[in-house]
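See structure below.
The values are calculated or read from the model by the stated rules, or taken from the named source; none is laboratory data. Predicted model, so just to flag it, every value in this text is computed and none were measured. All Cβ positions, glycine included, derive from the backbone under ideal geometry; neighbour counts span all protein chains shown. Just so you know, the surface numbers come from the protein's heavy atoms only, side chains and all, with ligands and any DNA or RNA stripped out. Shrake-Rupley method; radii C 1.70, N 1.55, O 1.52, S 1.80 Å.
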There are 2 protein chains.
Amino acid sequence: MSAALRTPPRLARDTLRVIPLGGLGDVGRNMAALEINGQLLLIDCGVLFPEEHHPGVDLILPGFDAIADRLDDVVGLVLTHGHEDHIGAVPYLLRQRRDIPLIGSRLTLALLREKLKEHRLRDTDYRVVEDGQRLVLGEFDCEFVAVNHSIPDALAVFLRTAAGTVLHTGDFKLDQLPLDGRLTDLRAFARLGEEGVDLFMVDSTNAEVPGFTTAERDIAPALERVFATSSQRLIVTSFASHVHRIQQVLDAAVRHGRKVVYVGRSMVRNMKVAADLGYLKVPADTLVELRDIENYRPDQVVIVSTGSQGEPLSALSRMANREHPVIDLVPGDTVLLASSLIPGNENAVYRVINGLVRLGANVVHKGNAMVHVSGHASAGELLYCYNIVRPRNVMPVHGEYRHLIANADLAVATGVPRERTLVAEDGAVVDLAQGRARVVGQVDTGYIFVDGSTVGDISETSLTDRRILGEEGFISVLAVVNTRSQRLITGPDIHARGFNEDETIFAPVATQITKALEEALADGVTDPHRLQQVIRRTIGRWVSSSYRRRPMIVPLVVTV
Amino acid sequence: MSAALRTPPRLARDTLRVIPLGGLGDVGRNMAALEINGQLLLIDCGVLFPEEHHPGVDLILPGFDAIADRLDDVVGLVLTHGHEDHIGAVPYLLRQRRDIPLIGSRLTLALLREKLKEHRLRDTDYRVVEDGQRLVLGEFDCEFVAVNHSIPDALAVFLRTAAGTVLHTGDFKLDQLPLDGRLTDLRAFARLGEEGVDLFMVDSTNAEVPGFTTAERDIAPALERVFATSSQRLIVTSFASHVHRIQQVLDAAVRHGRKVVYVGRSMVRNMKVAADLGYLKVPADTLVELRDIENYRPDQVVIVSTGSQGEPLSALSRMANREHPVIDLVPGDTVLLASSLIPGNENAVYRVINGLVRLGANVVHKGNAMVHVSGHASAGELLYCYNIVRPRNVMPVHGEYRHLIANADLAVATGVPRERTLVAEDGAVVDLAQGRARVVGQVDTGYIFVDGSTVGDISETSLTDRRILGEEGFISVLAVVNTRSQRLITGPDIHARGFNEDETIFAPVATQITKALEEALADGVTDPHRLQQVIRRTIGRWVSSSYRRRPMIVPLVVTV
C-alpha cells in the first residue's frame, strides 16, 4: 500500500485534497492537511515518541516538509484535544509561521498555551471554540462536535466545503456514563449523517479490540478498595493529562480523609490548568504542597505522581530507586498505577514495579486490578458510529497498519463499499469530488527527528551509526606516516570504546597493521584514504575472525 | 533483600547449603547450586536473553564465578527440562569441566545433545532418568517427579540429604487434561509431603496471575477455526520447543488435508528430535521439505515456522519483509502466531504483524483469538501444591522480584510461616539444618555476558560506553603538535559518527580548539593527555551549549 511516491495531479477547483502527514501507520504524530481552492486547513499537530530503533532521538515530528512552501495558505490549525500526540509538534510548526490561527476547546488551548510558553512562543493567535459552535475559516466551514476521551473537552470536527463534507472524530470513545456527563454527541453524528458525510475519518486505535470500552467510572470500586485497605503512604500514578482519573482519586481521597499532593512538573502544571478552568473539581482544603508533606502522617495524604510509563527520570522511578529527595517508601506502603501500559514500555514499567516491591510496597496495577480503562472506542462502538453516520467514504486514522485494516473491516461490515474504504498511510494524497474519495498520489512525509536542540539534522545514516556503535562500540586506529621517507612515524595507536577495556589484546593486530602499512608505503601508496583502507581491512578481518564481532572501525592516518 | 555481600559462614557438617546462581530476580538464566558435606549438586544451567540495557550482548550466563573453584566437587547437573533458560548455559559450564554428569529426561538430554554438538562438545556424561526413578549422586539421593509444562518430559526433583529434603518443581503447571496424558504427579507431591519436605523451591513465573492456567487442549477450537476458514496459504509460528502445540497443528493439518513444512533451523531440528523419540506423533506422509513446496498448492500445506517473538532474522520476519527466498505471501493468506508475547518483544512482534497485514495476510494471535496458553502454574494451582506438600520452608524460584513476592504470599496464605518463606535473590546463601532454612549470607552472582565469541570480557563500563555511543554518537578530534616548536602541525581534524553528517558545522569550534591548544602550548604544556583535556573541555562546552547534546568526545593528540 505504501506505494512509491507518485506525484499527485494538479488540484482541480472545488476538489478537496486530504493528506495525512502523520498518525496513519504509527500511534502518534497525528496531523492531517486538507486543501481546497488554494487554502489549507490543518487538523492536529502531534509528536511521536521514538522506539528503540531511533536511538537518542527525543521526539519525532509529522511530515511538515510536504506543506513547508504552503504555510502562508494555511487558514487554521484545528486541535481536537490536548494530548502530546495531537499538540506536541505545534511549537515546531509555529517556528515556521508564528501566526497560524490555533483553534480548539478551552482546555486544549490552555494546555497548548502552557507548552508554547515553555518554548517561549508568545503572541500567537488562539481561537477558543466549543461543541455545537460553527466557525468559518476561508473555504472551510467548521462545526465542532463533543466527543469523550481520556482527557476532557475533546472535539470532533465536521467540515463543509465546496467539494463535500468531512467528519473527523479525533481521538474518541463512546463512554455512555462519562464522569463529566459530556457524551460523545451521537445526535450530532446522526444529524450530520442525515445531511451527508462524504468522508469519515475515524480513530482506529482500538479497532482490533472486540466489544466495548469499559466506562471510566467502572474503575471506582477498585480505586475505593485500594484507599480502604491502605493504612500507610499511598501513591497513585496516571497520565498527567487524565483529569477524570485524577478527579476520581481526589474524590476517593476526600472520602478517606487524605490530602492530595501533586508530584511531577507536568502533573502540577496540568492539574492547575484543569482546576482553574473548572474541569477538575478540587474540594476546598484538599491540596498540600510537596514541601509541606512532612506535616502529615503518611496515611493522611495521597501522592498523585507522574511516571506511569516507567520514565527513568520521573518521580515514581526515583522513588523505586530510593533516589527521591522527599518521598521514602517503607514496607506496607501502597503504589497504584492507574494507567495503561504502552507497548515498548513493559520492561521499564516492570523494572519500576520490581523496585517498589523490593522496598516492600504493595503495587496495584492493571495487571492485577481493574484500575485502568482505555480512552479509545472499541470495535463495538465504531460499528455504532458507522451505522449512525452512514458515510459515503471512510478513511481510518490514528493507528498502526493493523489498526487501520481492522477499522476498515468494521466499516465494510456495516455496508461501506470496500473501494470507498481507503486504507491510506502517511503521505497518501486523497482527493474528494462528486462524493467519491480516491487515492491520487503519494508525497514524502518522512520522520523529522528532534534531538537536543536540533530539528531535522539527524538522518537515518546517523541512526544507523548509532545502532552499530550502541551494539558493538568502535575501535580507532591512529597512524602518522612520513610519505617522503615512506615510514611509519607514530602508531598504530589503537583505542576501543564499548568493545573491550583491555587494550593489550590489540598487540597482535598492531603488528599486522604496521606490516601492512609499511608494505603499502613501500608500494608507493601515500594517499591517507587508501592507507586508512589498509588499516580498516587488516583490523576488520582480525576482529571478525578472533571475536566474531563487527565494531565500527575508525582509521585515522596523518601524513607529515 | 539484595543485601550487601555478606560472606557466608563455614558450612557445618550435615548442613545443606542452597545458592541460587540465577533466575531469582530475572526470568531466565535459571541455576541453583546445592552443597552438603563437601559435594555440590547443580540444578539447571540456563541463559538469560538480554534487554535493551545490555546493548549488543548475545546471552547472559548464571553466576558461575561463585562455584568456579568448586567444580571438581560437583556430583551432577540435573536439568529439569529442555528450554534455553534451563539448559542454554550448559556448554559454557562444560568448557570449565567437561565431564560433569548431566542428568535429565530423554527429551531434555536429546535437546541438550543437539546443542552441545553445535558447540563441538562431545564425550560428555549423560544419565537419562525418568519420573519415579531414584538416582544417588554422592550425598544427594535424587527422586524424579513428572510435571507438565510447555515442553514434554519435564521433571521436578526431590532430594534426600543428611540435612533434610528439598523438592524443586522446575518449571511446571497443573494441566489436568494434558495432551500426552502425563500429569504433574500430585500423588507423588502428596507422598513426599507425608514423608516431609523441608524446603520447597517453587516456580513463580505466574504467581501474580489469579486462577488457573487454561489447558493446552483448549486452544484446539481456535486452531480448528483457523484451519477451517483458511482457503490459501497458512503459516503457524510457535516456540520451536513447544511439541504439544505443534502436535495440535499437525493433527489439524491432517484433518484438513494439508501437508506440513517446518521452516527455521531450530524448528526442523527440535521436531526431528521429538519425532524420533516418539514425543511428537507424525502421521505417515504428512511432512514435506521446504524445497518441495512448489509441488503443492498453497492450500495443500501448512508452514510451521519460527519467529513468534519477532526475531529480525527469523523466517516469519523475512516473510513479513518480503525477504524470504521461498515463501511469498499474498492477500488472503493466513498467519497464526500460536505463542506468547514476551515482555520487551511487543514492538518487534507488532512490526512483524504490521508487515504481514500490509501484504494482505489475515493475522491471528493471542490478542484476537485463544491460540496460546501459558506453561506455568497460576496462583490457584500453586495453592493446591502448597496445601498438598505442606512444606516446612519455602523458597520461590524463577521470576522477577514481583513474582517471587506474589508466590511467597501464596505460601503464607496456605499457612507457611512468613519467616520460613524465604524471598531470596540470586546469590543468597540459604542453609538448611534441623528443618529450618535461613539466609546466612550473600555471594556475587553478577551477570556474565556472551558477546560474539567472547565470554565475560564485556564489562558494565563497555555497556555504559555503548549506551552513550548508541544514544549520542561520538566526535573525534585529532591534532598533531610539535612540542619543541610548540606549534600545531596538523588539525584539529574533527570527525563525527552518529552525531551529524554535516562536518562543516565544526568550523567554529575548530578555531576555538586551535586557539586553546596554542595557548596551552605557549604555557609550556606538552603532555598529550593534558592537551587532550584541553580539546575535550573546549568542544564539550561548545556541543552542549549549541546542541544540548552529550556525544562521546574522543580527543587524539600526537606529539612529534
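Calculate log10 I(q)/I(0) of the protein assembly as shown for q = 0.06 Å⁻¹, where I(q) comes from the Debye formula with a single equal point scatterer on each Cα and nothing for solvent.
Summing over Cα pairs of the protein assembly as shown leads to -0.57.
Order B:ARG291, B:ARG106, most accessible first, counting only protein heavy atoms with a 1.4 angstrom probe.
Details: B:ARG291 180, B:ARG106 110 Å².
Per-residue accessible area, sorted high to low, gives B:ARG291, B:ARG106.
How large is the dipole of the protein assembly as shown about the Cα centre if only Lys and Arg carry +1 and Asp and Glu carry -1, each at its Cβ, rounded to the nearest 20 debye?
Working: 120 positive and 140 negative charges, 69 e Å.
Dipole about the Cα centre, nearest 20: 340 debye.
Using a Förster distance of 25 Å, how high is the FRET efficiency between A:THR514 and B:ASP493, based on the Cβ-Cβ distance and rounded to 0.05?
0.70
Suppose you put the label 7 Å out from Cα in the Cβ direction; list, shortest first and in nm with one decimal, how far A:THR286 is from each other copy's label.
Its label point is 6.2 nm from the equivalent points in the other copies.
Using 0.36 nm per residue of separation minus the Cα-Cα distance, give me the extension gain between A:GLU194 and A:HIS256 in nm, one decimal. Walk me through the intermediate numbers first.
Working: separation 62, 0.36 × 62 = 22.32 nm, distance 4.91 nm.
My answer for the length gained is 17.4 nm.
Sequence-distant or interchain residues sharing an amide H contact under 5 Å with A:ASN37, placed H: which?
A:ASP14, A:THR15
Mind listing, in residue-number order, the residues in segment B:339-372 that have at least 50 Å² less accessible area with every protein chain present than in their own chain alone (1.4 Å probe)?
B:ASN347, B:TYR350, B:ARG351, B:ASN354, B:VAL357, B:ARG358
Give me the summed buried accessible area for the A-B pair, 1.4 Å probe, to the nearest 100 Å².
On the way: alone 24340 and 24310 Å², together 43440 Å².
Counting both chains, the buried surface is close to 5200 Å².
Report the FRET efficiency, 1/(1 + (r/R0)^6), for A:HIS529 and A:THR464, where r is their Cβ-Cβ distance and R0 is 25 Å, rounded to 0.05.
Working: r = 21 Å, r/R0 = 0.85.
Step by step, r from the Cβ atoms, then E = 0.75.
All other residues with a Cβ under 13 Å from the Cβ of A:ILE505 taken together, and with Lys, Arg as +1 and Asp, Glu as -1, what is their net charge? List each step's numbers first, then the result.
Working: positive: A:ARG549; negative: A:GLU501, A:ASP502, A:GLU503, B:ASP457.
Its environment carries a net charge of -3.
Can you tell me which lysines have their Cα less than 27 Å from the Cα of A:LYS117? Leave out same-chain residues fewer than eight positions away.
A:LYS272, A:LYS281
If you roll a 1.4 angstrom probe over the protein chains with everything in place, what fraction of the accessible area of the protein assembly as shown belongs to carbon and sulfur, to the nearest %? Show your work: numbers first, answer last.
Working: 21540 of 43440 Å².
Roughly 50 percent of what the probe reaches on the protein assembly as shown is carbon or sulfur.
Only four residue types carry charge here, +1 at the Cβ of Lys and Arg and -1 at the Cβ of Asp and Glu. Report the dipole size of segment B:216-364 about the Cα centre in Debye, rounded to the nearest 20.
Working: 17 positive and 15 negative charges, 12 e Å.
The calculation lands at about 60 debye.
What are the label-to-label distances in nm, one decimal and shortest first, from A:GLU130 to the same spot in the other copies, with labels 7 Å along Cα to Cβ?
Ordered by increasing distance: 7.9 nm.
Taking loop as defined by DSSP and a crowding limit of 13 other beta carbons within 10 Å, which trypsin sites (Lys or Arg not before Pro) in segment B:425-501 fit? Could you put the intermediate results ahead of the total?
On the way: sites: B:ARG436, B:ARG438, B:ARG466, B:ARG467, B:ARG484, B:ARG487, B:ARG497; in loops: B:ARG484.
For trypsin sites (Lys or Arg not before Pro) across segment B:425-501 that sit outside H, G, I, E and B with at most 13 neighbouring Cβ atoms in 10 Å, the list reads B:ARG484.
With θ set to phi - 60°, apply the Karplus curve 6.51 cos²θ - 1.76 cosθ + 1.60 along segment A:502-507 and write out the HN-Hα couplings as whole Hz, x wherever there is a Gly or Pro.
Per residue, the Karplus-derived 3J(HN,Hα) values read 6, 7, 5, 4, 8, 3 Hz.
In square angstrom, rounded to the nearest 10, how much accessible surface does B:ASP69 have for a 1.4 Å probe?
130
Which ³J(HN,Hα) values, rounded to whole Hz and listed in residue order, are derived for segment B:480-493 from phi using the Karplus coefficients 6.51, -1.76 and 1.60 in 6.51 cos²θ - 1.76 cosθ + 1.60 with θ = phi - 60°, glycine and proline given as x?
My calculation for segment B:480-493 gives 10, 10, 9, 6, 6, 6, 6, 10, 7, 8, 10, x, x, 8 Hz in order.
In what order, largest first, do B:LYS117, A:LYS515, A:LYS259, A:LYS115 sit by accessible area if the probe radius is 1.4 Å? The partial results should precede the final answer.
On the way: B:LYS117 95, A:LYS515 125, A:LYS259 45, A:LYS115 25 Å².
Descending accessible area places them as A:LYS515, B:LYS117, A:LYS259, A:LYS115.
Provide the percentage of antiparallel DSSP beta bridges, counting only those with both residues in the protein assembly as shown; round to the nearest 5. Mind dumping the intermediate values first?
Numbers: 100 of 190 bridges.
For the protein assembly as shown, the DSSP antiparallel bridge percentage is about 55.
With N set to the residue count of segment A:216-364, report its C-alpha Rg divided by 2.2 N^0.38 Å to two decimal places.
On the way: Rg = 14.1 Å, N = 149, 2.2 N^0.38 = 14.7 Å.
Dividing the Cα Rg of segment A:216-364 by 2.2 N^0.38 Å gives 0.96.
Report the charge-dipole magnitude of chain A in Debye, nearest 20, computed about the Cα centre from +1 at each Lys and Arg Cβ and -1 at each Asp and Glu Cβ. Working shown, then result.
Details: 60 positive and 70 negative charges, 94 e Å.
With Lys and Arg at +1 and Asp and Glu at -1, about 460 debye.
Over chain A, what relative contact order in percent results from Cα pairs under 8 Å that are six or more residues apart? If you can, show how the numbers build up before the last one.
Values: 1244 pairs, mean separation 91.6, N = 560.
Relative contact order of chain A: 16 percent.
Chain B: which residue's Cβ hugs the B-to-A rotation axis most tightly, distance rounded to whole Å?
Looking at chain B's Cβ atoms against the axis toward A, the nearest is B:GLY470, 1.
So how exposed is B:TYR126, as accessible area in Å² (1.4 Å probe, rounded to 10)?
Spelled out: B:TYR126, probe radius 1.4 Å, area about 50 Å².
Using the Karplus curve 6.51 cos²θ - 1.76 cosθ + 1.60 with θ = phi - 60°, work out ³J(HN,Hα) for each residue of segment B:397-413 in order, rounded to whole Hz, and write x for Gly and Pro.
10, 6, x, 5, 4, 4, 6, 4, 4, 4, 5, 4, 4, 5, 4, 4, 4
In terms of modelled amide H atoms, which long-range or inter-chain residues lie less than 5 Å from the amide H of A:LEU137?
The answer is A:CYS142.
Run the helix sum for chain B: -39,500 (n - 2.57) per DSSP H stretch of 4+ residues, divided by residue count, reported at 222 nm to the nearest 500 deg cm²/dmol.
Working: 14 runs with 159 residues, N = 560.
Rounded to the nearest 500, the figure is -8500 deg cm²/dmol.
Leaving out ligands, DNA and RNA but keeping every protein chain, what accessible area does B:SER340 have, in Å² rounded to the nearest 10, with a 1.4 Å probe?
Here the accessible area works out near 30 Å².
If amide H atoms are built 1.01 Å from N in the plane of the peptide, which residues on other chains or at least 5 residues away come under 5 Å of the amide H of B:VAL394?
Counting only residues 5 or more places away or on other chains, the set is B:PHE200, B:THR421, B:LEU422.
Relative to the compact globular guide of 2.2 N^0.38 Å, what is the alpha carbon radius of gyration of segment B:405-473, as a ratio? It would help to have the intermediate numbers written out before the result.
Working: Rg = 19.4 Å, N = 69, 2.2 N^0.38 = 11.0 Å.
After normalising by residue count via 2.2 N^0.38 Å, the value is 1.77.
Please give, to one decimal in nm, the separation of the simple spin-label points placed at B:GLN133 and A:ASN387, each 7 Å out from Cα toward the Cβ.
Modelled inter-label distance: 6.3 nm.
How far, in nm to one decimal, is A:LEU313 from itself in the other copies if the label point is set 7 angstrom along Cα toward Cβ? Shortest first, please.
Going from nearest to farthest copy, the values are 3.6 nm.
For segment B:460-559, what are the per-bin percents of Cα-Cα distances with bins 5 Å wide, up to the bin holding the maximum?
3, 13, 24, 24, 16, 11, 7, 2, 0
Could you check the spin-label model distance between A:ARG187 and B:LEU177? Points 7 Å from the Cα along Cα→Cβ, value in nm.
Here the modelled spin labels are 5.1 nm apart.
Return the Rg/Rh ratio of segment B:186-238 with Cα-based radii and a Kirkwood Rh. Could you put the intermediate results ahead of the total?
Numbers: Rg = 19.5 Å, Rh = 15.5 Å.
Expressed as Rg/Rh, it is 1.25.
Based on Cα positions only, what radius of gyration and what Dmax would you give for chain B, in angstroms?
28.5, 90
What nm value, rounded to one decimal, do you get for the distance between B:ALA284 and B:ARG6 when each label is placed 7 Å out toward the C-beta?
Output for this residue pair reads 6.7 nm.
May I ask you to give the solvent-accessible area per residue for the protein assembly as shown, in square angstrom, as obtained with a 1.4 angstrom probe? Could the numbers behind the result be given before it?
Details: 43440 Å² over 1120 residues.
Normalised by residue count, the accessible surface of the protein assembly as shown is 39 Å².
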